[in-house]
Amino acid sequence: MGAAASLSDEKAKPLDASDLADLEAAKAEVTRYRGMLTEYTKRTIIILFGPPGAGKGTQAPRIVEQLGTPQLSTGDMLRAAVAAGTDVGKEADGVMKSGGLVSDDLVAAIIKDRIDQPDCHRGFLLDGFPRTVGQAEKLDALLAAKGESVTMASGRSYHAKFKPPKSLAEGAEPSAETMLDDESGEPLSQRADDTKEALQSRLKGYHEMTTPLLEHYKPVVKLVDAAKKPAEIFPQVDTLIANYLRF
């Protein structure tokens with residue numbers, strides 16, 4: 001009974017120039033698609049900057065709605081970490097109960113835990129952090145550890161007239177009973193620095209602290225002319241985030 005022929009018995013056909021060219025073209029195509037996939041799956045990480053009255057509280061919810069990402073505020077993240085009883089949450093709770101200030105390192109640790117949650121898989125918008133270059137450097141470091149960086153640098157807030165909470169019915173007078181947070185249901189209070197008299201001081205503080213941050217993130221800073229009505233600002237913002245939409 002004769003032995004069956006095997007593939008190893010056959011001589012391999014040498015590759016000619018045409019075959020090599022086809023292989024190189026295929027490799028280039030794979031590399032191109034791999035790059036496209038990397039860009040598509042890269043998280044969009046945005047920080048909003050702007051002086052008081054610039055409309056950050058109006059624009060942020062629209063941005064996260066279009067991008068399908070959460071808006072993360074340091075206050076909300078701290079409360080959630082404490083409520084969940086995480087290690088960093090317990091540490092932060094102890095600091096706050098003792099009357100101390102939560103350190104930048106601790107806030108960065110809370111952010112690190114939060115952005116690992118499933119709802120951040122497309123990215124996130126940071127609200128209230130960083131406020132200093134030192135904080136920005138800590139944010140950059142924790143993102144770099146994941147092979148990431150801030151995509152774009154340019155809260156949840158309410159205004160009784162221009163951006164009322166859902167609890168304030170049309171025509172109703174703002175009060176502790178009618179001004180409630182849309183998500184937590186907690187009563188809202190006017191910030192002590194939301195008065196006309198304090199605006200000049202707030203603007204001065206903004207420029208002193210934020211201008212260095214804009215310089216720090218200069219390569220990814222995108223400018224929006226906020227000295228317009230919201231309806232005129234929306235198209236500017238839409239254009240900036242168009243490249244980061246996920247379908």
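The values are calculated or read from the model by the stated rules, or taken from the named source; none is laboratory data. Not measured: the values here are computed from a predicted model. Every residue, glycine as well, gets a Cβ built from its backbone with ideal geometry; the counts of neighbours run over all protein chains shown. Only protein heavy atoms, including side chains, enter the accessible area calculation; ligands, DNA and RNA are left aside. Shrake-Rupley method; radii C 1.70, N 1.55, O 1.52, S 1.80 Å.
Numerical summary
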{"read-out": "So Ala12, is it at negative phi and either open to solvent by less than 50 Å² (accessible area, probe 1.4 Å) or at pLDDT 70 or above (or both)", "value": "no"}
{"read-out": "Evaluation of Ser184 against (1) more than 15 Å from the chain's Cα centre (by Cα); (2) at pLDDT 80 or above; (3) not in a helix (DSSP H, G or I) (one fails), failing number", "value": "(2)"}
{"read-out": "Neighbours by Cβ (under 6 Å, 6+ apart or cross-chain): first from segment 214-243, within 19 Å of Pro130 (Cβ to Cβ) and charged (D, E, K, R); second open to solvent by less than 50 Å² (accessible area, probe 1.4 Å) and outside any helix (DSSP H, G or I)", "value": "Lys222/Met152; Lys222/Ser154"}
{"read-out": "Of all residues making up segment 128-156, the number that are of a type in the set (S, T, N, Q), outside any helix (DSSP H, G or I) and farther than 16 Å from Ala60 by Cβ", "value": "2"}
{"read-out": "Every residue from segment 76-120 that is among the hydroxyl-bearing types (Ser, Thr, Tyr) and either open to solvent by 70 Å² or more (accessible area, probe 1.4 Å) or farther than 26 Å from Gly147 by Cα (or both)", "value": "Ser98"}
{"read-out": "Number of the exception - Ile45 against (1) assigned to a helix (DSSP H, G or I); (2) within 25 Å of Ala242 (Cα to Cα); (3) modelled with pLDDT of 70 or more", "value": "(1)"}
{"read-out": "Residue in segment 149-163 that is within 27 Å of Ile233 (Cβ to Cβ), open to solvent by 60 Å² or more (accessible area, probe 1.4 Å) and modelled with pLDDT of 90 or more present", "value": "yes"}
{"read-out": "Options Phe124, Phe129: the member that is within 11 Å of the chain's Cα centre (by Cα) and either hydroxyl-bearing (Ser, Thr, Tyr) or at pLDDT 95 or above (or both)", "value": "Phe124"}
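The rows are residues; the columns are (1) open to solvent by 50 Å² or more (accessible area, probe 1.4 Å); (2) outside any helix (DSSP H, G or I).
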residue: Met209; (1), (2): yes, no
residue: Leu213; (1), (2): no, no
residue: Pro219; (1), (2): yes, no
residue: Ala226; (1), (2): no, yes
residue: Ile241; (1), (2): no, no
